[in-house]
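Colleague: Sharing a structure, written as structure tokens. Questions coming.
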Amino acid sequence: MKKLIIIGLLATMAWGCQQKTEKQVPTTEAEKPQHEHVLIDGASQELSLNNGDKWLVNEEMRPFVQKGSDLLTDFDKASNKDAKALASLLTEQNDQIVKSCTMTGKGHEELHKWLLPHMELVKSLGNSTDSVETANLIGQLQQSYSLYNQYFK
């Protein structure tokens with residue numbers, strides 16, 4: 001079941017990224033999109049830096065990552081905590097990340113290593129009915145955004 005979910009998410013991401021690149025008309029071989037969507041098992045794939053530096057995320061995607069992080073921070077401070085509503089809002093941000101994808105190459109692959117497991121956490125949060133599990137997922141999402149900030153700018 002988990003593989004089926006990951007395949008579905010991957011297909012959605014591939015479609016979103018492909019939609020952006022299809023609108024661009026490359027003029028040279030070097031400008032042609034090099035999107036390669038590979039099924040990634042988040043647990044077995046470790047992120048790497050770009051020769052010791054953070055990967056540059058395209059400007060269009062950054063606000064949606066930041067908004068997701070802000071939503072999680074606001075949720076943590078709120079007195080009325082509706083995890084399902086948070087999951088819905090985070091899903092909207094993740095959908096916008098996918099739709100605004102124009103990245104290519106190694107940085108794009110590294111972003112997928114972060115984004116696919118992150119999307120799984122959000123989905124699990126939306127399906128969670130246990131308060132302990134929900135609290136655990138919130139903690140994992142906080143770690144996920146911290147991980148993003150360690151590897152991407």
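None of the figures in this text is laboratory data; all of them are computed from the coordinates on show. Just so you know, these numbers come straight off a predicted model, no measurement behind them. A quick note on method: Cβ atoms are made from the backbone with ideal geometry, for glycine too, and the neighbour counts reach across all protein chains shown.
Colleague: What does the charge dipole of the range 35-153 about its Cα centre add up to, to the nearest 20 debye, if the Cβ of each Lys and Arg holds +1 and the Cβ of each Asp and Glu holds -1?
Modeller: So the magnitude is around 200 debye.
Colleague: Let me ask something else about it. If you plug each phi of the range 136-143 into the Karplus form 6.51 cos²θ - 1.76 cosθ + 1.60 with θ = phi - 60°, what whole-Hz ³J(HN,Hα) values come out, in order, with x for Gly and Pro?
Modeller: For the range 136-143, the Karplus curve yields 5, 5, 4, x, 5, 5, 4, 5 Hz.
Colleague: While we're here: When the Debye formula is applied to the Cα atoms of the range 98-153, each taken as the same point scatterer, what base-10 log of I(q)/I(0) results at q = 0.20, 0.24 Å⁻¹?
Modeller: Taking Cα atoms of the range 98-153 as identical point scatterers yields -0.76, -0.95.
Colleague: Another question, if that's okay. Sum up the charges of everything whose Cβ sits under 14 Å from the Cβ of ASP70, counting Lys and Arg as +1 and Asp and Glu as -1, but leave ASP70 out.
Modeller: Working: positive: ARG62, LYS67, LYS77; negative: ASP74, ASP76, GLU92.
Local charge sum for ASP70: 0.
Colleague: Which far-off residues, 5 or more places away or on another chain, put their amide H under 5 Å from the one on PHE152, with H placed in the peptide plane?
Modeller: Sorted by chain and number, the residues that satisfy this are TRP55.
Colleague: In addition: Consider all pairwise Cα distances in the range 53-125 and report the whole-number % of them above 20 Å.
Modeller: Taking all Cα-Cα pairs of the range 53-125, the fraction more than 20 Å apart is 31 percent.
Colleague: Any of LYS54/LYS81; LYS54/LYS84; LYS67/LYS106 with alpha carbons more than 30 Å apart? Name them for me.
Modeller: LYS54/LYS81; LYS54/LYS84
Colleague: Can you find, among THR134, GLY107, ASN149, the residue sitting farthest towards the positive end of the charge dipole of the range 102-153, where Lys and Arg contribute +1 and Asp and Glu -1 at Cβ?
Modeller: GLY107
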